[in-house]
Amino acid sequence: MTQETAVIVGAGKGLSAALARRLAKEGFRVALVARDVEKLAALAAETGGVAISADAQSPQAVEAMFAEVDRTLGTPDLVVFNAAMRYRGPIEVLDPADVMDTYAVGAFAGFLTAQAAARRMLQRGSGSLFFTGATASVKAMPHSVPFAMAKFALRALAQGLARELGPRGIHVAHFVIDGGIASSWATEGESGPPDKWLDPAAIAETYLAVHRQHRSAWTAEMELRPWVEKF
């Protein structure tokens, strides 16, 4: 099997790190993309990945990033968009500029990533394009309107692209991460039922399985939640 290339946009700790480790173990060449790549040095060394600095809100930066991936690793087989910005507050005090930033990071950057990835994958006629959602993708909560706006838009992007690109050989999937991820929320010695947080390694395993799906049975959207999470 030809070695595959994966690009993780919005890379950091938690899910992105778990995904990078799992893909590297599977033999992927991995590109880790973030504005601040210093935080990725240890992960890049551990996985043999390449850390690339890029502002995913900039069309020029996104195109330059993918061009670098083309040169150093080859055309991506799997692109995962993980970028998000959490900005909270009651509606009467939200700063419009911060709301726009939240949308740009969580949704517009997803569009730019998808466009650049699709242009490359369509030339080859294959590839997977995955978007990481959240509970806020389907259920907006009080004081979390900016985050939900971005996540709803990202889900719409994924749905439209699944219908547009699927018949052209590109597997598009959206993942609703309905609960807290252990690496972000769990605290040592906390009380409560076991496995009440999503294990990032388990999520990564699921992403890889969806990437490996036969095209006769592709997943377009998947919800992942711990067994104690309410529907």
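The values are calculated or read from the model by the stated rules, or taken from the named source; none is laboratory data. Please read these numbers as outputs of a predicted model, since none were measured by experiment. Note that each Cβ is placed from the backbone with ideal geometry, even for glycine, and that neighbours are counted across all protein chains shown. In case anyone asks, the SASA skips ligands and DNA or RNA and just uses the protein heavy atoms, side chains included. Shrake-Rupley method; radii C 1.70, N 1.55, O 1.52, S 1.80 Å.
Structural remarks
- Charge dipole (Cα centre; +1 on Lys/Arg Cβ, -1 on Asp/Glu Cβ; no other charges) of the chain amounts to roughly 620 debye.
- Residue of Gln123, Gln60, Gln159 that the Gaussian network model of the chain assigns the largest fluctuation, springs spanning Cα pairs under 10 Å: Gln123
- Centre-to-centre, using Cα atoms only, the range 127-145 and the range 64-103 are separated by 13 Å.
- Charge dipole of the chain about the Cα centre (unit charges at C-beta), most positive-ward option of Ile8, Gly179, Pro96: Ile8
- Ignoring lysines fewer than eight residues from Lys230 along the same chain, the ones with Cα atoms less than 21 angstrom from its Cα are Lys139, Lys151, Lys196.
- Simple spin-label estimate for Glu223 and Arg168 in nanometres, 7 Å along Cα-Cβ: 3.1
- Accessible area of the range 1-150 divided out per residue, in Å², using a probe of 1.4 angstrom: 45
- Among Gly127, Ala64, Gly110 - extreme Cα towards positive end, dipole of the range 45-142, charges at beta-carbon: Gly127
- Anchor Lys39: lysines whose Cα lies under 23 Å away (excluding residues fewer than 8 positions away in-chain): Lys13, Lys25
- The range 36-171: C-alpha gyration tensor shape, a/c 1.5 cut-off, then a/b vs b/c: oblate
- Given charges at Cβ of Lys, Arg, Asp, Glu: the range 123-231 dipole, positive-most of Leu198, Leu224, Ala209: Ala209
- Sites Phe231 and Glu92 - FRET efficiency at Förster radius 30 Å, r taken between beta-carbons, to 0.05: 0.45
- The range 122-231: C-alpha gyration tensor shape, a/c 1.5 cut-off, then a/b vs b/c: oblate
- Mean separation of Cα contacts under 8 Å (6+ apart) over length of the chain, as relative contact order %: 19
- Carbon and sulfur %, accessible surface of the chain computed with the full protein complex present, 1.4 Å: 55
- Residue-averaged 222 nm ellipticity for the chain, from DSSP H runs of 4+ at -39500 (n - 2.57), nearest 500: -12500 deg cm²/dmol
- The label point for Ala42 and the one for Gln159, both projected 7 Å from the Cα toward the Cβ, are 4.0 nm apart.
- Percent antiparallel among DSSP beta bridges (both partners in the range 1-111, rounded to 5): 0
- Comparing Gly180, Gly74, Gly89 in a Gaussian network model of the chain, where Cα atoms under 10 Å apart are tied by springs, the biggest mean-square fluctuation is seen for Gly89.
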